[in-house]
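Scroll down for the structure; my scribbles are underneath it.
The values are calculated or read from the model by the stated rules, or taken from the named source; none is laboratory data. In this text, all values refer to a predicted model and were calculated from it rather than measured experimentally. As a convention, Cβ positions derive from the backbone with ideal geometry for all residues, glycine included, and neighbour counts pool all protein chains shown. Areas reflect the complete protein model, heavy atoms only, side chains present, ligands, DNA and RNA absent. Shrake-Rupley method; radii C 1.70, N 1.55, O 1.52, S 1.80 Å.
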Amino acid sequence: MDRRKFMAGCLGLPLLAQQAGEAHAQAGLTKIIFPFAAGAGGDTLCRLIAQEIAPMLQRTVVVENRTGGDGLIGIKAVKGASPDGSMVLVTTGPTMYLLPMVETTPSFDTAKDFMPVSLLARFEFALVVGPAMDVADFKGFVAWLKAHPDKSSFGVPSNGTIPHFAGSKLEKDLGIALTRVPYRGSAPILNDIIGGHISFGITTLADALPQHRAKGVKIIAISSAERSPFAPEVPTLKESGIDLVADAWYGMWLPAGSPPEFASKLGAAASAVLAKPEVKEKLTAIGLIPVGSSADALTKELAANIALWQPIVKATGYRIEN
């Protein structure tokens with residue numbers, strides 16, 4: 001081979017390698033890690049987004065449920081992943097700000113270990129009573145608790161969650177001793193409220209609505225800043241005299257050090273999906289309010305929630321040994 005041709009070929013190798021790498025990234029696999037079980041609202045959200053953004057990113061996008069540790073297993077998997085777009089984290093806001101607050105040695109630092117991408121959807125919590133607590137509204141609820149101090153038990157989906165700490169705030173503001181009972185999810189809480197085993201519960205509005213509409217339970221207050229479009233007849237906690245707004249949301253993050261260009265493209269794709277009428281319809285049907293946002297908006301939302309919940313969590317003294 002001619003020496004000049006040989007040298008020209010060698011000089012072209014880096015460019016070919018770069019082009020091959022870019023082609024591999026374009027045709028690569030992205031896993032959306034959802035750190036909770038399949039079948040819930042957040043899982044549906046992930047699968048809708050995965051299906052729609054794949055052609056936009058020119059990548060294969062799949063959802064993987066990595067459950068355990070109240071979300072920690074999936075969060076740590078993305079934290080330790082290569083920052084190449086192969087892993088994306090979608091989880092609830094509370095897992096990203098409450099877990100570092102309650103662990104004795106935090107497993108992760110949201111600001112340092114992750115790159116924000118986008119807010120995805122909001123959801124609300126509901127204060128739910130059953131037939132045994134024959135009350136019409138929040139005022140009646142408070143009167144009933146004061147008259148029955150031995151029946152003040154309430155259910156929450158798990159310890160260390162928004163319902164847990166919202167219950168602590170309620171206890172403090174009302175000046176009534178309450179007994180928290182942790183469950184595994186909303187279904188057993190609602191069953192025990194209907195059965196009269198506990199007096200009330202704090203759980204997601206979406207989970208409580210079917211029983212509320214069937215008259216099995218009664219939702220007497222909503223945790224959001226404004227009345228919910230899903231139950232506009234129910235007042236908020238704020239309207240009821242409790243200074244607390246406790247809605248929650250799903251967000252999307254990449255591992256720290258990911259290419260900003262990819263993060264921007266991913267966020268824009270997710271927001272475009274959430275703006276589609278057919279996607280909005282599917283999400284609102286399961287009690288989720290689609291959002292879509294910039295990375296800055298997600299960062300600000302996280303900071304606001306940390307400022308809100310840190311003093312509440314600290315006052316409870318609740319900690320997780322790890």
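Note the full-extension length gain between GLU239 and SER82 as 0.36 nm times their separation in residues minus their Cα-Cα distance, in nm to one decimal.
Between GLU239 and SER82, full extension yields an extra 51.9 nm.
Whole-Hz ³J(HN,Hα) for each residue in the stretch 57-63, computed from phi via Karplus 6.51 cos²θ - 1.76 cosθ + 1.60 with θ = phi - 60°, x for glycine and proline: what do you get?
Once θ is set to phi - 60°, the couplings for the stretch 57-63 become 8, 6, 9, 7, 10, 10, 9 Hz.
Please give the helix 295-316 orientation as an angle from the longest Cα principal axis of the chain, in degrees from 0 to 90, rounded to the nearest 10.
Between helix and principal axis, roughly 40 degrees.
Give me the accessible area per residue for the stretch 138-273, probe 1.4 Å, as a whole number in Å².
Heavy-atom accessible area per residue stands at 42 Å².
Past 20 Å, Cα to Cα: identify those pairs from LYS139/LYS314; LYS31/LYS282; LYS139/LYS172; LYS151/LYS215, in the order given.
Pairs exceeding the cut-off: LYS139/LYS314; LYS31/LYS282; LYS151/LYS215.
Given the options GLU278, GLU226, GLU64, state which has the largest fluctuation in a GNM of the chain using a 10 Å cut-off (strictly under) for Cα springs.
GLU278
Classify the stretch 226-280 from the C-alpha gyration tensor, please: rounded if a/c falls under 1.5, else prolate or oblate depending on whether a/b exceeds b/c.
Cα axes put the stretch 226-280 in the oblate bin.
Rounded to the nearest 10 degrees, what's the angle between the helix 138-147 long axis and the longest principal axis of the chain, both from Cα atoms, 0 to 90?
So the helix axis and the longest Cα principal axis differ by about 60 degrees.
Could you give the nm distance between label points at ASP109 and LYS172, where each point is 7 Å from its Cα heading toward the beta carbon?
2.7
With every protein chain present, what accessible area does LYS151 have (1.4 Å probe, heavy atoms only), rounded to the nearest 10 Å²?
Its accessible surface works out to 100 Å², give or take rounding.
Find the Cα radius of gyration of the chain, compare it with 2.2 N^0.38 Å by division, and give the number to two decimals.
Cα-based Rg divided by the globular estimate yields 1.17.
Could you report the accessible area of TYR318 in Å², rounded to 10, computed with a 1.4 Å probe on the protein chains as they sit in the structure?
We get 50 Å² for TYR318.
Could you please put HIS197, HIS148, HIS164 in sequence from largest to smallest accessible area, using a 1.4 Å probe?
HIS197, HIS148, HIS164
Students often get this wrong, so check it: of LYS79/LYS169; LYS218/LYS276; LYS218/LYS280, which have C-alpha atoms separated by over 30 Å?
Result: LYS79/LYS169; LYS218/LYS276 exceed 30 Å.
Could you work out how much longer the chain between ALA132 and ARG213 gets when fully extended? Use 0.36 nm per residue separation minus the Cα distance between them, nm to one decimal.
27.4 nm
Quick one: helix 93-102 against the long Cα principal axis of the chain, what's the angle to the nearest 10°, folded into 0 to 90?
It is inclined by approximately 70 degrees.
With every protein chain left in place and a probe of 1.4 Å, what is the accessible surface of ARG47, to the nearest 10 Å²?
Rounded to the nearest 10, that gives 100 Å².
From the backbone phi of the stretch 48-55, what are the Karplus-calculated ³J(HN,Hα) couplings (6.51 cos²θ - 1.76 cosθ + 1.60, θ = phi - 60°) in whole Hz, Gly and Pro given as x?
Ordered by residue, 3J(HN,Hα) equals 5, 5, 4, 4, 7, 7, 3, x Hz.
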